[in-house]
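Novice: Dropping a structure here in structure tokens format, bear with me for questions.
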Amino acid sequence: TSSLGSDGGRASRVDNFLTFVQKGGRKLQDLSFNFAQDEYKPDDLSFTSQHMTVDLESLTFPANGVDPITEIWGQDDLDPLMWIRTANGRLLCVLLNRQQQIVAWSRVILGGRSESRTYPIVKAIASVEMAVGSGRFENHLWMVVVRSINGANVVTLERMDSFYEASTFDYETMSAPFCMDLKTGYSAPSDGETTITGATHLIGETVQVISNGKYVGDYVVDSSGYITLPAKYAGQFFVYGLKYTSKLKTMPLEIGQQIPGTSQHLIKRVEEAFIKFWNTYGAKYGYDEGDMIDLDFRDMNVANINAAPTFYTGIKRLALPTSYEREIQYIIMQDKPWPCNILSITSKGVTYD
């Protein structure tokens with residue numbers, strides 16, 4: 001037991017640790033046995049991430065924008081994850097690798113919006129074990145989600161896809177890494193067909209469309225539930241769904257230090273960055289989301305450069321725009337329906353005294 005108290009919700013287990021929500025809903029705690037003190041002791045998993053339980057869109061309710069944790073579920077497969085739902089229906093995720101001392105928080109912003117928020121409302125979550133092959137089982141996250149579509153609240157039961165590890169894919173396999181929400185496959189009934197039909201669940205929404213494995217753009221679903229495409233895509237296999245954007249923002253950088261003491265609050269300039277990607281196709285980078293630079297992942301050595309992409313694993317060298325600041329952070333973003341997996345970031349620059 002712990003003297004910190006619990007909010008009364010269910011505890012969950014990941015990687016043989018019992019995790020619970022501390023009283024008040026602001027912190028996530030591990031409960032483990034301390035042999036030196038011969039008792040169970042809590043470990044604060046939210047020490048550097050207490051801002052995650054503040055909803056910046058709700059600064060009046062609850063008080064001061066506090067958005068407490070209401071539900072947690074562990075998912076212990078390829079990576080040990082803790083899924084979190086907040087009182088305002090936001091979805092958070094924590095990667096918990098205790099052996100490597102990794103406690104990595106992130107917010108998962110689903111595609112679409114709700115009636116009162118710029119993000120959909122997650123009403124409930126659960127981690128469910130499912131058969132995924134002969135004798136193989138995985139835990140999958142299931143969610144009840146509310147979106148505002150065509151002027152009405154629409155409730156859907158959704159499943160988060162498993163992590164995709166292959167470097168190539170069959171574009172007609174719906175388990176391929178099409179990074180979009182409410183994704184749906186559609187095979188044209190004839191060679192001359194240029195219209196996707198049956199998208200009535202997304203009337204009025206802007207969706208991203210993939211044609212035979214290639215991203216072809218964003219289209220609006222009309223009042224009949226149709227998506228009309230150019231003639232050059234006639235008779236192909238399509239996947240469409242709501243767009244979501246993945247974004248990584250670095251911590252304030254301390255770089256190129258040639259003076260005694262810390263470089264904090266001193267003028268700095270980032271010259272370039274080296275990003276190690278894994279199974280990635282497509283990304284942008286820059287200091288401001290409104291002024292990003294596209295990173296080219298095309299393989300110019302293939303016979304057909306317009307073919308469906310293969311994913312890139314390796315290091316990309318990024319030349320960053322010249323900027324002199326006391327605190328420098330830059331953004332790496334993916335707003336296309338492809339995976340972007342970053343293993344490491346190394347920055348090169350100068351700090352001035």
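Novice: Determine if segment 199-218 includes at least one residue that is open to solvent by 40 Å² or more (accessible area, probe 1.4 Å), at pLDDT 85 or above, closer than 13 Å to residue 337 by Cβ and of a type in the set (Phe, Trp, Tyr).
Specialist: Yes, the conditions are met somewhere in segment 199-218.
Novice: Name the single residue, out of those in segment 92-130 being among the hydroxyl-bearing types (Ser, Thr, Tyr) and out of contact with any Pro (no Cβ under 8 Å at 6 or more places or on another chain), that is farthest from residue 245 (Cα to Cα).
Specialist: Filtering first and then ranking leaves 127.
Conditions tested, residue by residue: (1) more than 30 Å from residue 200 (Cα to Cα); (2) over 20 Å from the mean Cα position of the chain (by Cα).
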| position | (1), (2) |
| --- | --- |
| 78 | yes, no |
| 89 | no, no |
| 94 | yes, no |
| 101 | yes, yes |
| 117 | no, no |
| 122 | no, no |
| 137 | yes, yes |
| 148 | no, yes |
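Novice: Applying the selection to segment 173-198, what residues are hydroxyl-bearing (Ser, Thr, Tyr) and open to solvent by 50 Å² or more (accessible area, probe 1.4 Å)?
Specialist: 173, 175, 187, 190, 197
Novice: Restricting attention to segment 28-72, which residues are among the charged types (D, E, K, R), at pLDDT 80 or above and out of contact with any Pro (no Cβ under 9 Å at 6 or more places or on another chain)?
Specialist: 43, 44, 67, 71
Novice: Next up: Any idea which residue in segment 84-127 is farthest from residue 145 (Cα to Cα), counting only those that are open to solvent by less than 60 Å² (accessible area, probe 1.4 Å) and among the hydroxyl-bearing types (Ser, Thr, Tyr)?
Specialist: Result: 106.
Novice: Out of 204, 198, 235, 225, I need the residue that is on the phi > 0 side of the Ramachandran plot, in a loop (DSSP other than H, G, I, E, B) and either touching a helix residue (DSSP H, G or I) at 6+ places or on another chain (Cβ under 8 Å) or among the acidic types (Asp, Glu) (or both). Which one?
Specialist: 225
Novice: Contact list please: Cβ distance under 6 Å, first residue in segment 226-245 and hydroxyl-bearing (Ser, Thr, Tyr), second residue buried (at least 20 other Cβ atoms within 10 Å of the Cβ), pairs at least six apart or on different chains.
Specialist: That search, which allows pairs on different chains as well, returns 233/211; 240/207; 240/209; 244/111; 244/181.
Novice: Would you be able to tell me the number of residues in segment 128-150 that are open to solvent by 50 Å² or more (accessible area, probe 1.4 Å) and in contact (Cβ under 8 Å) with a residue 24 or more places away in the chain?
Specialist: 2
Here's the yes/no breakdown for (1) of a type in the set (Phe, Trp, Tyr); (2) in contact with a Gly (Cβ under 9 Å, 6 or more places away or on another chain); (3) at pLDDT 85 or above:
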| site | (1), (2), (3) |
| --- | --- |
| 124 | no, no, yes |
| 133 | no, no, no |
| 148 | no, yes, yes |
| 152 | no, no, yes |
| 158 | no, no, yes |
| 163 | yes, no, no |
| 178 | yes, yes, no |
| 197 | no, yes, yes |
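Novice: Report yes if residue 223 is open to solvent by less than 30 Å² (accessible area, probe 1.4 Å), farther than 16 Å from residue 112 by Cβ and not aliphatic (A, V, I, L, M), otherwise no.
Specialist: In short, no.
Novice: Further question on the same structure: Looking only at residues that are within 28 Å of the chain's Cα centre (by Cα) and of a type in the set (Ser, Thr, Tyr) in segment 227-257, which one is modelled with the highest pLDDT?
Specialist: 240
The values are calculated or read from the model by the stated rules, or taken from the named source; none is laboratory data. Predicted model only: the values in this text are computed from it and were never measured. No Cβ is skipped: glycine too gets one built from the backbone with ideal geometry, and neighbour counts run over all protein chains shown. Just so you know, the surface numbers come from the protein's heavy atoms only, side chains and all, with ligands and any DNA or RNA stripped out. Shrake-Rupley method; radii C 1.70, N 1.55, O 1.52, S 1.80 Å.
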